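Okay, structure first, notes after.
Here, each number is a calculation from the coordinates, and none is a lab measurement. Small disclaimer: the values here were computed from a predicted structure and weren't measured. Using ideal geometry, Cβ is built from the backbone for each residue, glycine included, and neighbour counts are taken over all protein chains shown.
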Amino acid sequence: MAKRILVALGGNAIKKREEKGTAKQQFRNCKKTCKSLANIISKMAKDDRLIITHGNGPQVGNLMLQQEEASGIIPPQPLDVVIAMTQGQIGYMLQQTLINCLRKRGIDKSVCTILNEVIVARSVEEADKPVGNLLTKEEVMTMKEEHPDYLFKKVYPKGKRVWRRVLSSPEPVVIVESEAIRRVVDCGVIVITSGGGGIPVILKNQSRLVGVEAIVDKDLAGERLAELVNADIFLILTDIDKVKLDFGLSKERDLDVLSVSEAKKFLEEGYFPEGSMGPKVEACIRFLESGGKKAVIAPLDKASEALEGSAGTHIYLK
């Protein structure tokens, strides 16, 4: 039976934590990422479909900083435009690298990036979505002196670089380019879309699309995309081997299998932080409750093994 796989790539797929984020570094990371994706594609049947989405937090944060630093020379662009710019940048890098990787293996598959907008809820919770590079406490203090309105959050329990800037993150509601994405996927094209959660917009007067200053969580938007393309499997690839309880503590525990009821319980008890694992687990819950068959959170370098059941954390409805 034909299956549809939605792969959500974490930030480490394009930029590692310790890297500055040069084009050379990002292309190198894309090459490793696309090798993992090619392993999946090589095992797909003719009627199977693969859809790819990705994060853009580090790229958005860095580009925002560039906008601010050069504001005395060049007018800075608003956040929705910056997100569109990074969607195009990362889509280009992944698309070109994946095409080259598939050609090297003799696999004839079309790959296409679709820039997309996502209508978001107007009500916004407190800022909690990380963007930009990981920072030290000293760097945070310096940035706060220069930009008093900036908000920061500690996203890792230990280490030197554990802080990131945070922005508001409204709920993704509707993917604007739904019909175009669905048609291209149905044609058998490998589609890269909803990068960074999509470009956030709202409807004014029930008809006119207008961009807003916000960051959409890419995992929650990825789940919307998975529903849109009728995905059977939702595969979230990140930089940890499994979902963990008490992450970063001496009593840290790996989870091989997780039911939706268990996931909800652990989520409510605060085991999965809002700025990192929380949205991933929440997205998996939504996917399974909306009719998806299987959700997996796994390390990037074991994507194929995760689909085969020998790596990552597998989440099921029951």
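The distance separating the Cα centre of the range 25-62 from that of the range 224-245 comes to 13 Å. Computed about its Cα centre, the charge dipole of the chain is approximately 1100 debye, with only Lys, Arg, Asp and Glu carrying charge at their Cβ. Between amide H atoms placed 1.01 Å from N, distances below 5 Å from THR113 occur with ILE192, all of them 5 or more places distant or on a separate chain. Here the Gaussian network model covers the chain, with springs between Cα atoms less than 10 Å apart; of PRO148, PRO78, PRO200, PRO148 fluctuates the most.
Which percent, nearest 5, of DSSP beta bridges in the chain are antiparallel?
On the way: 21 of 50 bridges.
Of those bridges, close to 40 percent are antiparallel.
I need the semi-axes of the equivalent ellipsoid of the range 155-289: take the C-alpha gyration tensor, multiply each eigenvalue by 5, square-root it, list largest first in whole angstrom. Walk me through the numbers before you get to the answer.
On the way: eigenvalues 175, 76, 36 Å².
Whole-Å semi-axes of the equivalent ellipsoid: 30, 19, 13.
Quick check on my link table: of LYS158/LYS280; LYS144/LYS264; LYS153/LYS204, which ones sit more than 30 Å apart, alpha carbon to alpha carbon? Violating the 30 Å Cα-Cα cut-off are LYS144/LYS264; LYS153/LYS204. Annotation: amide H-H contacts under 5 Å for ALA214 (H modelled 1.01 Å from N, sequence separation of 5 or more, or interchain): ASP80. Highest mobility in the GNM of the chain, judged by mean-square fluctuation with C-alpha springs under 10 Å and restricted to ILE41, ILE199, ILE297, is found for ILE41.
Springs between Cα atoms under 10 Å define the GNM used for the chain, and in it the highest mean-square fluctuation of LEU220, LEU50, LEU249 occurs at LEU249.
When the C-alpha to C-alpha distance is required to be over 21 Å, the pairs from LYS154/LYS294; LYS31/LYS104; LYS20/LYS251; LYS137/LYS242; LYS129/LYS218; LYS15/LYS46 that qualify are LYS154/LYS294; LYS20/LYS251; LYS137/LYS242; LYS15/LYS46.
Mean residue ellipticity at 222 nm, helices only, the chain: -11500 deg cm²/dmol; runs of at least 4 DSSP H residues each add -39,500 (n - 2.57), and the sum is divided by the number of residues. Reducing the range 303-318 and the range 159-184 to their Cα centroids gives an inter-centroid distance of 24 Å. Judged by a Cβ-Cβ distance under 4.7 Å, the unpaired cysteines of the chain are CYS30, CYS112, CYS187, CYS284. Backbone phi angles across the range 52-66, fed through the Karplus curve with coefficients 6.51, -1.76 and 1.60 (θ = phi - 60°), yield HN-Hα couplings of 10, 10, 8, x, 8, x, x, 5, 5, x, 5, 5, 4, 5, 4 Hz in residue order; Gly and Pro are listed as x.
Values of log10 I(q)/I(0) for the chain across q = 0.07, 0.10, 0.15 Å⁻¹ run -0.26, -0.54, -1.29, by the Debye formula with one identical scatterer at each alpha carbon and no solvent.
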